[in-house]
Amino acid sequence: MAEAPKSEDGAYAGDVTPHEAWELLKSEPETVLIDVRTDAEFNYVGRPDISAIGKDVGLVMWVSFPAGERNPNFVDEVKATGVTPDQKILFLCRSGVRSRFTAEVMTQAGYPQCYNVLEGFEGDKDPDGHRGTTGGWKVAGLPWVQG
């Protein structure tokens, strides 16, 4: 796989598509995936399932549900998953917006290999206002579970 493109402003390592994220997870044993959505999203919408490649998804909320307040312990909770600054970390959210912020924050915290997964888990809304039909991890046909 070619090197992932750098972020436009250099605030984090770069962006990867869901398929590129899957390939990195399969080919690089030290690469990790952290889902930054809320626990409601993890449990009711679904989450990536990378168990077939012997890995677990880190679940660390960027904002709380239902208040929507930023998690003040985010950096410490990511560190508590066991990731180290020399690992490549892929951040995933619903659409690729929150995960960009988390990649920036973790880069500032001394983790230089932070990537945003474009399109997130569900992708952008379609013309009818529905997610999960136009892009993202699920639409890409990558493994996931619900509940």
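Bear in mind that the values in this text are calculations on the coordinates, not laboratory data. No experiment lies behind these values; they were computed from the predicted model shown. Because the Cβ atoms are built from the backbone with ideal geometry, glycine has one as well, and the counts that use them run over all protein chains shown.
Taking every residue in segment 39-54 that is without any contact (Cβ under 8 Å) to a residue 40 or more places away in the chain and pairing it with any residue that is among the aromatic types (Phe, Trp, Tyr) and surrounded by 12 or more Cβ atoms within 10 Å (Cβ to Cβ), at least 6 positions away or on another chain, the pairs with Cβ-Cβ distances below 9 Å are Asp39/Phe65; Ala40/Phe65; Ile53/Trp22.
Of note, Ala11 satisfies the criterion of being touching a helix residue (DSSP H, G or I) at 6+ places or on another chain (Cβ under 9 Å) and small (Gly, Ala, Ser).
Residue by residue, here is whether (1) at positive phi; (2) touching a Lys or Arg at 6+ places or on another chain (Cβ under 6 Å); (3) part of a helix (DSSP H, G or I); (4) buried (at least 20 other Cβ atoms within 10 Å of the Cβ) holds:
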{"position": "Glu23", "(1), (2), (3), (4)": "no, no, yes, no"}
{"position": "Pro29", "(1), (2), (3), (4)": "no, no, no, no"}
{"position": "Ile34", "(1), (2), (3), (4)": "no, no, no, yes"}
{"position": "Pro72", "(1), (2), (3), (4)": "no, no, no, no"}
{"position": "Asp76", "(1), (2), (3), (4)": "no, no, yes, no"}
{"position": "Lys79", "(1), (2), (3), (4)": "no, no, yes, no"}
{"position": "Asp86", "(1), (2), (3), (4)": "no, no, no, no"}
{"position": "Leu90", "(1), (2), (3), (4)": "no, no, no, yes"}
{"position": "Phe101", "(1), (2), (3), (4)": "no, no, yes, no"}
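Applying the set (1) touching a Pro at 6+ places or on another chain (Cβ under 9 Å); (2) surrounded by 12 or more Cβ atoms within 10 Å (Cβ to Cβ) to Asn43 leaves exactly one unmet item: (1).
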